[in-house]
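Everything on this sheet refers to the single structure shown next.
Values quoted throughout were computed directly from the atomic coordinates according to the rules given, and no laboratory measurement underlies them. All values reported here derive from a predicted model rather than from experimental measurement. Here Cβ is always computed from backbone atoms with ideal geometry, including for glycine, and neighbour counts include all displayed protein chains.
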Amino acid sequence: MITYATAQILRVLPRTQMTRAMGRLAEYAWPDPVGRAVVSIYCRVYDVALDECRQRRGFASFDEFFTRQLRDGARTLPDDPRVVVSPADGRIDSLGLVDGRAFTVKGRPYDVDELLGDPVEAKRYAGGAGCVVYLSPRDYHRVHSPVTGKIVAVRSMPGDYYPVNTIGVRHVPNLFVRNRRVAIMIDTPESSGLGRVTVVMVAAMVVGRITVAGIDARDVPVGNHTFSPHREVLRGDEIGVFHLGSTAVVFFEPHAKLAWLAPEGPIRFGDPLGVRGDGGAG
């Protein structure tokens with residue numbers, strides 16, 4: 001009852017205006033005493049640990065704190081090159097097959113055409129696999145490539161700014177395809193057998209903006225962006241940043257025959273997510 005009532009209130013709020021205002025506030029250069037106080041309170045409330053971060057104090061703004069980087073060597077990737085890693089810290093909310101053109105999240109089917117913003121592109125994932133990683137306020141909010149390959153294109157799609165949490169998922173129909181999102185398409189080497197892997201960054205309420213490696217813009221402009229030459233990335237390289245929020249959805253082609261290594265629940269960037277094999281995705 002409480003979450004339903006909260007969802008109804010969110011429906012009538014000026015979500016886009018609130019998100020933009022919060023984005024501007026997050027970039028405000030605060031006085032050092034204010035910054036120390038805000039970071040201290042935030043870390044206590046959300047149980048944020050800064051021991052793995054490159055910077056632990058002296059953040060110039062909330063945005064700089066929220067998009068904090070990991071120090072070199074903070075995470076160790078699996079030795080097996082066949083292993084696909086989690087692109088972000090967070091919680092795996094869904095793991096499973098793409099049934100035709102639909103991917104199910106928390107019991108609700110989502111049209112892959114709409115998630116990717118291109119029905120032709122969506123066809124390649126029919127019968128493939130997908131997963132959802134939800135980033136909570138306590139998590140590290142940079143997104144990394146789960147595979148080695150080349151970023152060939154980025155598609156930025158307009159949308160709303162509903163919260164991507166339990167309230168939003170439960171009470172906002174077609175939440176992921178209603179919100180603003182950015183799809184990053186990565187072509188892997190033929191020898192890997194993975195084909196194209198797409199990471200979709202889904203925005204949420206108070207997500208001021210999304211930035212992507214290789215696109216020199218404060219926020220990824222809406223539309224299709226191609227890379228010439230293609231942008232090479234190694235497994236674990238940074239590919240995008242959430243400036244507040246939210247969720248990463250990852251899709252794999254059916255011939256990858258991905259077998260999941262991680263259960264639903266907490267996960268960190270660099271942890272094994274799945275492995276290319278002959279057992280299929282379950």
Given charges at beta-carbon only (K, R positive; D, E negative), |dipole| of region 76-164 in Debye:
80
What net charge do the residues around residue 84 carry, taking every other residue with its C-beta under 11 Å from that of residue 84, with Lys and Arg at +1 and Asp and Glu at -1?
+1
Note: residue 120 to residue 41 extended length (0.36 nm per residue) minus current alpha-carbon separation gives 23.7 nm
So residue 71 and residue 104, fully extended at 0.36 nm per residue minus their Cα-Cα distance, gain in nm 8.3 nm
Net charge around residue 133, counting only other residues with Cβ within less than 11 Å of its Cβ (Lys, Arg = +1; Asp, Glu = -1)?
-3
If amide H atoms are modeled at 1.01 Å from N in the peptide plane, then the residues at a separation of 5 or more from residue 242, or on another chain, having amide H under 5 Å from its own are 143
Figure the gain on full extension for residue 234 and residue 49 (residue separation times 0.36 nm, minus the Cα-Cα span) and round it to one decimal in nm.
63.9 nm
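Once the mean 1/r over all distinct Cα pairs of region 115-165 is inverted, what Kirkwood radius in angstroms do you read off?
Across region 115-165, the inverse of the average 1/r is 14.2 Å.
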Using all C-alpha to C-alpha distances in region 64-105, build P(r) with 10 Å bins and read off the rounded percent in each one.
18, 34, 31, 16, 1
Counting sequence-distant residues (5 or more places) and residues on other chains, those with an amide H built under 5 Å from that of residue 86 are 270, 271, 273
Could you work out the equivalent-ellipsoid semi-axes for region 22-135, taking the square root of 5 times each eigenvalue of the Cα gyration tensor, largest first, in whole Å?
36, 19, 13
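Work out the FRET efficiency for residue 268 and residue 82 from their Cβ-Cβ distance, taking R0 = 25 Å, and round it to the nearest 0.05.
For R0 = 25 Å, the calculated efficiency reads 0.80.
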What does the charge count near residue 56 come to, summing +1 for each Lys or Arg and -1 for each Asp or Glu among other residues with Cβ under 13 Å from its Cβ?
+2
I'd like to compare 56-66, 136-146: which one has the highest average count of other Cβ atoms within 10 Å, and what's the full order after that?
136-146, 56-66
